Amino acid sequence: METTQQDAEKLAAAKAAVKLVKDGDIVGLGTGSTASFAIKELGRMVQGGLRIKAAASSINTEELAKSFGIEILPLGELSSIDISIDGADEFTESLDLIKGGGGALFREKIMASLSKKSIIVTDASKKVKKLGAFNVPVEVVPLAYQYVFDQLSKLGGKGVKRLKNNEVFVTDNGNFIIDADFGLINEPQKLSFDLNEIDGLLAHGLFINLTSKVIMSTRDQLIVFD
Ligand code: A5P
């Protein structure tokens, strides 16, 4: 798929999602190219008079939102978010996701957990029958890197330390990412539980039971999964 068509799909999904935001809402802002389309749309709505406050799932998102005049609240001080809008790397019809391609998975997971409604926006390329063609990102505290790497291997995950521009990728939280290949995942919830048991593993990119709705745009229609 050429980039322009994919961008058109991302924009269409983002435009549909922002219609769900109400005046007075606290809005969770996701990270990545699709979420950015939604943030820009919301920014225009704010400039047009919509009154919202927002929480950001990454430093990049916070900067983008602020550039549109969206007021940002500290995520760590919120007990609840009315609605969040974020992207995904893969999703299934049962609304299980893999996220974290952009490395923001920990804050995205906290944001989704706080959200009354968690809306995922995607183009048509993200829908899969089974999760796992996209490697599962795992955020690991540097001190525990080798330990976590070895524990992932024991669970069948072939890990690779994420690099960016030939240097070790460091998250907004000062941690590393291991991209773990588990093959196609038959039991995502079980794997999620098993990963949660590993000390030093801050968060993983399997988002299970955290999504209210996926709005997917194809070339000529919007499809909603909920
Ligand atoms: C960021 O860490 C991710 O979870 C993104 O939401 C995900 O990678 C989707 O990004 P795109 O919208 O750029 O595909």
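Quick note: the coordinates plus some simple rules give every number you see, no bench work behind them. If you're wondering where the values come from, they're calculated on a predicted model, not measured in any experiment. Counting neighbours? That spans all protein chains shown, and the Cβs are built from the backbone with ideal geometry, glycine included.
This ranking places VAL224, VAL18, VAL128 by how few other beta-carbon atoms lie within 10 Å of each, fewest first, which gives VAL224, VAL128, VAL18. Counting neighbouring Cβ atoms within 10 Å and putting the fewest first, the residues THR92, THR4 line up as THR4, THR92.
Charge tally around SER113: other residues with Cβ under 13 Å, Lys/Arg +1 each, Asp/Glu -1 each, net +3. Annotation note: GluC sites (Glu not before Pro) in region 1-68 located in DSSP loop regions with a Cβ neighbour count of at most 15 within 10 Å are GLU2.
Given the pairs LYS10/LYS190; LYS40/LYS127; LYS154/LYS190; LYS15/LYS109, which are separated by over 20 angstrom at their Cα positions? From the list (LYS10/LYS190; LYS40/LYS127; LYS154/LYS190; LYS15/LYS109), the Cα-Cα distance tops 20 Å for LYS10/LYS190; LYS40/LYS127; LYS15/LYS109.
Running a GNM on the chain with Cα contacts under 10 Å, which residue among ILE177, ILE59, ILE39 ends up with the highest mean-square fluctuation? Fluctuation is largest for ILE59. Modelled spin-label separation between ILE72 and SER125, with each label point placed 7 Å from Cα along the Cα-to-Cβ direction: 2.7 nm. If you take all other residues with their beta carbon under 12 Å from the beta carbon of MET45, and give Lys and Arg +1 and Asp and Glu -1, the sum is +3.
Here the contact order of region 47-160, divided by its residue count and restricted to Cα pairs under 8 Å and six or more residues apart, works out to 24 percent. Summary value for the chain: 23 percent relative contact order, contacts being C-alpha pairs under 8 angstrom separated by 6+ residues. Apply the Kirkwood formula to the chain: the hydrodynamic radius equals the inverse of the mean of 1/r over all pairs of different alpha-carbon atoms; give it in Å with one decimal. Here the Kirkwood hydrodynamic radius works out to 17.7 Å.
Its DSSP H runs of at least 4 residues, each contributing -39,500 (n - 2.57), put the calculated 222 nm mean residue ellipticity of the chain at -9500 deg cm²/dmol, to the nearest 500. Taking the charge dipole of the chain about its Cα centre, with +1 at Lys and Arg Cβ atoms and -1 at Asp and Glu Cβ atoms, the residue from GLN47, PHE37, VAL168 reaching farthest to the positive side is GLN47. Taking all C-alpha pairs of region 54-180, those more than 21 Å from each other amount to 47 percent.
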